[in-house]
Structure formats: C-alpha cells, structure tokens
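The values are calculated or read from the model by the stated rules, or taken from the named source; none is laboratory data. Not measured: the values here are computed from a predicted model. Backbone-built Cβ (ideal geometry, glycine too); neighbour counts: all protein chains shown. For accessibility, only protein heavy atoms count, side chains too; no ligands or nucleic acids. Shrake-Rupley method; radii C 1.70, N 1.55, O 1.52, S 1.80 Å.
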Amino acid sequence: MGRTASKLAKYMGVNMKKVLRLRQWSILGLLFIFFAVTAAGCSNGDDKKDSSDDKKKGVIYPISINGTEIRVGETTVQTLLDKGFKVTVSEMTSDNKINQYEVDPEAELEANTYYSGGSVWITDKTFAHVSMITGEESVKMGEAVIARIEVSVSHDELKSLKNILFNGVPITEISREKAGEMFPDFSGDDNMWFSPATMTDYKYFMSFSAEEKILNNFYAEKKYDVDWSSKK
C-alpha cells in the first residue's frame with residue numbers, strides 16, 4: 001500500500017508538472033492571441049483614420065493637355081516648357097495696358113510667393129489660366145509649382161478640344177450628368193458642380209451651358225494659405 005501510494009504520488013507529481021506546463025503554454029498562447037488581435041485592431045484603426053484623413057484632404061484630379069498631365073501642387077513650370085508649351089505671364093503697366101511676355105525659366109522668384117496671371121497656350125486661340133507658387137526658398141521660374149489651372153472654352157472651341165482631359169475623361173464628353181457620375185461626392189445644381197467645402201487641400205469647379213449642359217469652364221486648385229491683403 002505504501003509503495004502504491006508512493007507510486008501514485010510520484011505519478012501525480014509528474015502529471016501535475018505536465019498539467020502546469022500545459023497551463024503555462026495555454027496562458028502564453030492566449031496572451032499571444034490577445035496581443036495579436038489588439039495589434040491588428042490598432043492597425044485597422046490607424047488605417048481607417050488615415051483613410052478618413054486622406055478623404056478629408058481630398059485627392060488630385062489631374063488635367064491632361066495634349067498628353068501632358070498637370071497635377072496642381074506638383075507639376076512645375078519647367079515640365080510644361082519641356083513638353084513644348086508656350087507659357088506666358090501678363091502684367092498691368094503703369095498706363096493700364098496689359099503687357100504679355102513668355103516666361104524665363106531662369107528668372108529668380110521670391111520665396112513663399114503666389115504668382116497669378118500666367119497662361120499655358122493650348123492652341124493659337126485657347127489657353128489655360130495658371131497660378132504658380134514658390135516654397136520656403138527662392139527658386140527659378142522653371143521650378144515654381146502650378147497651384148491652379150483654369151480652362152474656359154466656347155461651344156465652338158469645345159468640339160476641337162478632345163485632347164484636354166479632366167481626370168481621364170475628354171472634356172468634350174463631360175456633361176452635367178457625366179460630372180455627377182465622375183464626382184458623386186461633389187454638389188451643385190444644373191449649371192455647376194463643385195467639390196465639398198470639407199475638402200481641405202484641393203478645390204474643383206465645373207460650370208455648364210444653361211441650355212445644352214455641356215462644360216464651358218472648369219478649374220483645379222491646390223489650396224495654400226495666401227495673404228491676399230498683402231500689397232507686396
């Protein structure tokens with residue numbers, strides 16, 4: 001009986017150790033699963049937050065002219081010049097006349113400055129209005145970034161401008177109805193369609209003819225903190 005009890009105790013002792021080991025491994029396994037799930041949850045939460053932030057900021061809808069893509073806030077003046085575009089700047093003279101001249105890509109521009117009055121010529125008669133901006137350091141004109149581009153076309157011109165695309169769609173195909181399909185998160189009425197005010201980084205606008213509802217004006221703009229009251 002004593003031997004039996006001793007063997008039983010020994011057997012129980014061995015098995016208890018196994019049970020303890022199993023419990024230890026089970027606890028470690030559960031902890032591992034817990035931390036894995038928690039980490040995954042945090043990751044998903046971060047991804048959702050990033051996605052939400054990106055949606056709030058908005059996205060770049062490019063404008064393509066003759067196969068050259070223009071992305072506001074990214075494309076430089078030099079890129080357009082390299083593609084053979086004629087880029088001009090208009091200034092008002094002291095006698096209230098408009099002086100227009102082609103830009104000099106080597107001209108030095110001041111830092112943190114917003115330049116309007118630029119034009120990118122599409123045809124001999126049609127051009128896009130552009131604004132340019134510089135960063136924290138002075139740069140050459142060629143390095144200035146396109147901050148805004150606007151195109152206005154007449155009904156007669158529109159038919160021949162299939163080479164201009166807005167977000168991959170020829171402007172000749174963009175009706176008011178088509179614009180609603182392209183940008184369902186925009187708002188407006190029968191004659192205009194524009195990006196929501198909650199879009200913090202970009203601004204888009206399209207207007208359409210009253211009768212035919214075809215595109216006659218549109219622009220894309222990267223928003224910058226510009227002091228328009230400055231006289232400098």
*asked:* Can you compute the modelled spin-label distance between Asp104 and Ser154, with each label point 7 Å from Cα toward Cβ, in nm?
replied: 3.5 nm
*Any idea how far the Cα center of segment 143-179 sits from the one of segment 59-102, in Å?*
15 Å
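Which of rounded, prolate or oblate describes segment 116-232 when judged by the alpha-carbon gyration tensor and an a/c cut-off of 1.5?
Values: a/c = 2.29, a/b = 1.45, b/c = 1.58.
Here segment 116-232 falls in the oblate category.
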*Rounded to the nearest 0.05, what FRET efficiency do Ser94 and Glu181 give with R0 = 41 Å and r taken as the Cβ-Cβ distance? Could you check?*
0.25
*Quick one: how many Å² of Tyr224 are accessible to a 1.4 Å probe, rounded to 10?*
80 Å²
*Segments 137-143, 72-78 sorted - mean Cβ within 10 Å per residue, highest first*: 72-78, 137-143
_Going through the cross-link list Lys86/Lys223; Lys178/Lys222; Lys57/Lys222; Lys125/Lys159; Lys159/Lys222; Lys83/Lys162, which pairs have a Cα-Cα distance over 20 Å in this structure?_
Lys86/Lys223; Lys178/Lys222; Lys159/Lys222
_What figure, in Å² to the nearest 10, do you get for the accessible area of Ile133 with a 1.4 Å probe and non-protein molecules left out?_
20 Å²
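What dipole magnitude, in Debye to the nearest 20, does segment 67-190 give about its Cα centre under +1 on Lys/Arg Cβ and -1 on Asp/Glu Cβ?
400 debye
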